[in-house]
């Protein structure tokens with residue numbers, strides 16, 4: 001009995017199990033849908049799928065560098081307790097190594113890769129972990145840089161940073177110390193952009209709109225001449241750049257200089273060139289809905 005791509009899709013929607021496993025189950029069952037569901041349940045895959053609807057907003061960020069390649073990954077769990085589990089930590093590290101060594105194009109490509117050091121795919125290994133740990137787990141996002149890369153992880157994997165530099169000073173201890181400082185700056189101050197040139201025009205326009213509204217609502221400023229208001233807005237936009245653009249931020253270790261000035265000073269001292277080219281910062285669960293446990297409801301559901 002043959003089956004179609006639509007049958008695979010229907011089985012995936014019904015069970016929440018990955019496409020490859022649905023395809024295998026339909027092949028084994030000769031295209032019989034109910035038997036395919038049964039096969040997935042026998043393998044314990046449908047049990048993992050049941051957990052897939054649960055909120056996973058805790059977890060771990062892992063940052064690794066292997067030679068001239070760096071990888072940053074966030075894997076979510078339901079509870080902070082699991083994020084400290086040695087087995088989970090090892091799995092997250094293996095996923096990051098897979099990112100580094102296999103250079104997947106996106107999450108789907110990563111899931112299809114063989115897990116670094118294992119025989120299963122990342123998707124199969126993830127499902128295995130869901131079954132053994134008993135929580136919903138999700139690989140949320142990853143980044144990969146090639147070149148001169150520095151990483152920093154804060155708070156036991158709550159925040160992870162990866163920065164790439166264009167430099168001829170890679171390998172020097174003094175440069176490494178500087179690069180770590182920049183990564184720590186990003187972790188602490190959380191810039192959104194590298195330079196003011198990277199800030200989209202619509203973001204600046206929105207900021208100006210908000211500032212103008214604030215000025216119009218303030219009795220002290222609303223009646224000032226147009227050119228004065230314009231200067232006020234320009235001044236506040238410059239402040240926005242200083243707060244949100246890494247290279248314009250005040251350097252946390254020395255408030256007398258910006259990150260760009262610290263970069264220039266380090267390059268001059270070491271007799272080379274340094275340019276920060278890219279950075280990425282992940283904070284566990286940022287932007288995700290977090291589970292709110294209601295103890296009374298939990299007790300009531302247990303009684304029922």
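The values are calculated or read from the model by the stated rules, or taken from the named source; none is laboratory data. These figures come from a predicted structure and were not determined experimentally. Backbone-built Cβ (ideal geometry, glycine too); neighbour counts: all protein chains shown.
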Any hit, segment 243-250, residues being more than 24 Å from the chain's Cα centre (by Cα), surrounded by 13 or more Cβ atoms within 10 Å (Cβ to Cβ), modelled with pLDDT of 95 or more and on the phi < 0 side of the Ramachandran plot: yes
Helices (runs of 4 or more DSSP H) fully within segment 175-284 counting 3 or more residues that are in contact (Cβ under 8 Å) with a residue 24 or more places away in the chain and closer than 15 Å to residue 150 by Cβ: 259-270
Selection status of residue 163, within 16 Å of residue 262 (Cα to Cα) and touching a helix residue (DSSP H, G or I) at 6+ places or on another chain (Cβ under 6 Å): yes
Matching option when the condition is out of contact with any helix residue (DSSP H, G or I) (no Cβ under 7 Å at 6 or more places or on another chain) and surrounded by fewer than 19 Cβ atoms within 10 Å (Cβ to Cβ), among 179, 201: 201
Residue within segment 122-145 that is more than 17 Å from residue 93 (Cβ to Cβ), surrounded by fewer than 17 Cβ atoms within 10 Å (Cβ to Cβ) and at pLDDT 90 or above present: no
Qualifying positions in segment 3-42 - modelled with pLDDT under 80, surrounded by fewer than 18 Cβ atoms within 10 Å (Cβ to Cβ) and not in a helix (DSSP H, G or I): 16
Search result, residues across segment 139-155 that are more than 29 Å from residue 272 (Cα to Cα) and touching a helix residue (DSSP H, G or I) at 6+ places or on another chain (Cβ under 8 Å): 139, 141, 142, 154
Residue 169 touching a helix residue (DSSP H, G or I) at 6+ places or on another chain (Cβ under 7 Å), in a loop (DSSP other than H, G, I, E, B), at pLDDT 95 or above and surrounded by 16 or more Cβ atoms within 10 Å (Cβ to Cβ): yes
